[in-house]
Amino acid sequence: MLLTLFLVMSLSFWIIRLMPKSIFENPEVSPEIQRLLEAEMHLDKPMVVQYYYFLKGIVLHGDFGTSVKVRPGMDVFRIISTRIPPTVMLNVLALLVSMPLGFILGTIAALRRNKPTDVVMSFLIVLFISIPSFVFASALQYFLTFKIPIFPTLYDSTALTLGAKLNSLVLPITALALGPIATIARYLRGELIETLSSEYLLLARTKGLTRAQATVRHALRNSLVPIANTIIPMITGIIGGSLVVERMYSIPGMGGQLVDSILAGDHFLTVALLIFYSAISLITILIVDVSYGIIDPRIRIGGRQ
Amino acid sequence: MPTDSNDTILKVTDLTISFKAYGGMVQAVRGVSFDLKRGETVAIVGESGSGKSVTIKAIMGILPGNAVIEGGAIDYHGTDLTKLNEEGFHEIRGKRIGLIFQDPLSALNPIMKIGKQITEVLHLTKKLSTADAKTQAIELMRSVGIPEPERRFNQYPFQFSGGMRQRIVIAIALAGDPEILICDEPTTALDVTVQAKILDLINQIKKERNLSVIFIMHDLGVVANMAQRVNVMYAGKILESGTAEDVFFRPAHPYTWALLSSIPDMQTKEKLLAIPGTPPNMIHPPKGDAFAVRNKYALKLDFEREPPPIRISDTHWAATWLLHPKAPKVDMPEILRHRINRMTGGVV
Ligand SMILES: Nc1ncnc2c1ncn2[C@@H]1O[C@H](COP(=O)(O)OP(=O)(O)OP(=O)(O)O)[C@@H](O)[C@H]1O
Ligand SMILES: [Mg+2]
């Protein structure tokens with residue numbers, strides 16, 4: 001876990017910093033001051049030494065450097081800290097919405113296997129999996145705010161009540177969740193169909209359990225085990241999608257900031273944002289791994305022995 | 001209800017089952033009939049794919065969706081199980097007829113505690129309270145030979161060996177207190193050393209609980225110590241039926257001869273004779289005797305007309321033209337004759 005984070009830090013440092021844009025490329029600042037600033041930020045030293053200062057700053061002081069372009073002179077960490085909550089809220093809500101809906105739809109499709117409900121759903125599922133979230137985002141924006149104004153077009157960060165805030169988040173969350181809902185539904189359908197034809201489900205029925213009892217007690221939870229694997233790439237998918245979707249709904253999160261900082265060449269800010277994004281993914285993946293163990297005793301107990 | 005040993009509690013008559021498949025209908029079971037008498041063990045023996053499991057799935061009402069019961073009846077206390085609906089089977093499965101599976105490794109739910117998989121039955125069929133169900137489940141586990149049942153109660157299937165899992169499957173089958181126990185190749189997936197113990201256990205619980213048993217096996221050798229009656233099945237049909245003595249000491253069908261010759265002989269260590277060829281394609285089963293193509297004793301008639309069951313004695317019949325009065329006299333293979341003579345001391 002920490003090793004992964006370290007690798008992410010190093011990789012983003014080297015990749016971003018080796019991009020051919022000078023950190024200070026501002027004609028309004030005189031060369032002397034530029035040199036002074038560069039000296040202060042160790043930019044006059046070789047890259048390896050800069051890398052050393054970069055790691056030391058983060059590990060010892062939680063210091064990610066100073067923004068130079070987007071909001072010059074401001075501590076990068078301070079910029080980001082205000083940006084984290086909207087992003088986390090958006091991503092976590094999208095995830096929380098998509099999991100139960102995906103489970104329910106997948107179960108219905110599996111139980112109605114090869115009937116019209118299943119056929120229609122399978123078609124929609126393939127459609128939703130293959131369309132990227134920003135397409136949904138603009139489609140939803142067009143239809144539900146412009147054509148039929150039900151929801152606000154943009155995120156309302158000044159909203160006072162949580163309800164109003166959430167109301168302005170409905171569309172971006174929907175845009176982000178549609179793909180994952182379809183993904184979960186598709187995998188759960190497949191898993192459940194397989195579990196439903198397993199020997200132990202047959203045994204459950206020869207015990208005298210009804211079909212419904214056997215499904216609820218023996219099939220659903222068992223099908224969740226392999227699903228946990230698909231949730232991890234799904235999370236990274238949601239986070240990737242949120243970069244763009246945040247922009248489209250002007251949500252003041254990390255996504256918009258990342259796009260700005262890359263375009264402006266604000267390298268310290270870019271690197272720090274990448275690190276925070278990875279940290280968020282890593283934490284969610286950790287949560288998934290832990291719940292994996294809760295669902296499947298073979299992992300929990302097997303790991304202990 | 002009369003309890004003399006002759007009364008029949010399950011009667012399968014002319015059962016015919018096919019599966020819808022891409023190439024056409026797979027005729028898995030083609031007119032199977034046999035009786036199960038109270039307190040008796042009936043064996044059905046045959047090679048893989050002969051339709052044994054399909055037959056018992058029909059009895060339990062758990063045929064897959066593409067199966068069609070095309071004819072016949074399964075009479076159980078006056079109810080025809082081939083016509084019973086799903087609700088009706090809830091009263092039968094587990095409570096009246098218990099099933100032990102071929103593969104205990106995949107028959108248990110891998111992520112549910114062993115104890116719960118047993119108590120579940122007690123909750124649902126006998127409406128026992130949690131505490132009572134637990135006591136009774138532990139008692140069941142002890143009676144099928146699980147050491148330290150209290151500790152094992154809270155473990156998961158992957159913490160059990162294959163033999164122990166089969167004992168759990170047996171405990172589950174007994175939990176609903178059935179009167180018929182069906183064992184579908186209960187030892188095929190187990191080590192040889194464990195096999196004998198499981199077979200002993202089945203015989204023991206059969207006596208203790210006065211069960212009637214349908215015992216499915218592909219290995220005739222194992223059946224000798226288990227069953228009173230033996231049905232030899234091939235390509236969806238029963239070819240020979242008789243008491244264990246009839247079938248082991250006076251086998252009449254060439255297929256039974258072949259099966260018996262393929263049992264390894266511990267005393268003489270002679271080479272065991274594999275049956276040549278493979279079972280037929282059941283989408284287009286052969287016209288005459290299905291075993292004819294693999295049978296070196298086959299007559300011309302065997303390829304053309306199907307032999308009817310021909311009576312040998314009150315308890316014994318076989319479906320082969322060799323028994324027809326006009327058929328040429330053909331004797332069973334020498335090896336087999338020697339073996340039988342040795343076992344019976346030549347008295348038969
Ligand atoms: N769901 C199914 N769809 C199509 N054909 C099937 C299906 N289930 C079984 N069959 C066919 O029915 C025939 C009999 O199968 P069955 O499982 O009864 O064999 P078995 O005698 O139990 O053999 P084994 O010793 O391997 O358990 C086989 O030819 C098999 O291919
Ligand atoms: Mg079978």
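Structure above, values below:
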read-out: Violating pairs (Cα-Cα greater than 20 angstrom) within the set A:Lys207/B:Lys11; B:Lys83/B:Lys126; B:Lys113/B:Lys134; A:Lys207/B:Lys126; value: A:Lys207/B:Lys11; B:Lys83/B:Lys126
read-out: Theoretical ellipticity at 222 nm over chain B - DSSP helices of four or more residues, -39500 (n - 2.57) apiece, nearest 500; value: -9500 deg cm²/dmol
read-out: Kirkwood Rh in Å, taken over chain A so that all alpha-carbon pairs contribute; value: 22.3
read-out: J(HN,Hα) series, the stretch B:315-323, from Karplus relation 6.51 cos²θ - 1.76 cosθ + 1.60, nearest Hz, glycine and proline x; value: 10, 9, 9, 8, 9, 8, 5, 4, 7
read-out: Candidates A:Thr183, A:Thr236, A:Thr82: whichever shows maximal mean-square fluctuation once chain A is modelled as a Gaussian network with Cα springs under 10 Å; value: A:Thr82
read-out: Size of charge dipole - the protein assembly as shown - debye, nearest 20, with Cβ of Lys, Arg +1 and Asp, Glu -1, no other charges; value: 580
read-out: Dimensionless Rg/Rh of the stretch A:103-260 - Kirkwood Rh, Rg from C-alpha atoms; value: 1.10
read-out: For B:Glu87, A:Glu246, order by how many other beta-carbon atoms lie within 10 Å, fewest first; value: B:Glu87, A:Glu246
read-out: Average projection area in nm² (convex hull over Cα atoms of the stretch A:71-177, one quarter of hull surface); value: 9.3
read-out: Total charge dipole magnitude, chain A, about the Cα centre, Cβ charges on Lys, Arg, Asp, Glu only, Debye to nearest 20; value: 1460
read-out: The protein assembly as shown: translational diffusion in µm²/s, Stokes-Einstein, Kirkwood Rh over Cα pairs, 4 °C, 1.567 mPa s; value: 43
read-out: On Cα atoms only, tilt of A:254-264 relative to the major axis of chain A in degrees; value: 40
read-out: Paramagnetic reach from B:Leu84 (point 7 Å along Cα→Cβ, amide N under 17 Å) across the stretch B:27-58; value: B:34-38, B:54-58
read-out: Among B:Gly65, B:Gln102, B:Ile17 - extreme Cα towards positive end, dipole of the stretch B:8-227, charges at beta-carbon; value: B:Gln102
read-out: Bridge type composition, the protein assembly as shown - antiparallel percent by DSSP, nearest 5; value: 65
read-out: Lysines with Cα under 19 Å of A:Lys56, excluding same-chain neighbours fewer than 8 positions away; value: A:Lys45
read-out: Dipole magnitude of the stretch B:231-344 about its Cα centre (Cβ charges: Lys, Arg +1; Asp, Glu -1), debye to nearest 20; value: 260
read-out: Rule-of-thumb Rg ratio for the stretch B:231-344 [Cα; 2.2 N^0.38 Å; N residues]; value: 1.06
read-out: Helix-only CD estimate at 222 nm, as mean residue ellipticity for chain A, using -39500 (n - 2.57) per DSSP H run (n ≥ 4); value: -25000 deg cm²/dmol
read-out: Among B:Ile214, B:Ile74, B:Ile283: highest mean-square fluctuation, GNM of chain B, C-alpha pairs under 10 Å; value: B:Ile283
read-out: The stretch A:230-305 versus the stretch B:227-248: alpha-carbon centroid distance in Å; value: 65
read-out: Dipole of the stretch B:110-179 [Lys/Arg +1, Asp/Glu -1 at C-beta], most positive-end residue of B:Met164, B:Met112, B:Ile146; value: B:Met112
read-out: Whether the stretch B:105-234 is rounded, prolate or oblate, judged on the alpha carbon gyration tensor where a/c under 1.5 counts as rounded; value: prolate
read-out: Of B:Asn231, A:Thr174, B:Trp317, farthest towards positive along the dipole that unit charges on Lys, Arg, Asp, Glu beta carbons give the protein assembly as shown; value: B:Trp317
read-out: Degrees, to the nearest 10: A:220-248 long Cα axis against longest axis of chain A; value: 40
read-out: 0 to 90° range, to nearest 10: angle between helix A:267-295 axis and chain A longest Cα axis; value: 20
read-out: B:Ile238 long-range amide H proximity, modeled H, under 5 Å; value: B:Ser33
read-out: For the stretch B:8-227: rounded, prolate or oblate by the Cα gyration tensor [a/c cutoff 1.5]; value: prolate
read-out: Distribution of pairwise C-alpha distances over the stretch B:182-287, 5 Å bins, in %; value: 2, 10, 19, 21, 21, 16, 7, 3, 1, 0
read-out: Residue of A:Val271, A:Val225, A:Val216 that the Gaussian network model of chain A assigns the largest fluctuation, springs spanning Cα pairs under 10 Å; value: A:Val216
read-out: For B:106-115, mean number of other protein chain Cβ atoms within 10 Å; value: 6
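Computed from the coordinates by the stated procedures, all read-outs in this text should not be read as laboratory data. Quick caveat, the model's predicted, so the values are computed rather than measured. All Cβ positions, even for glycine, are placed from backbone atoms using ideal geometry, and neighbour counts span all protein chains on display.
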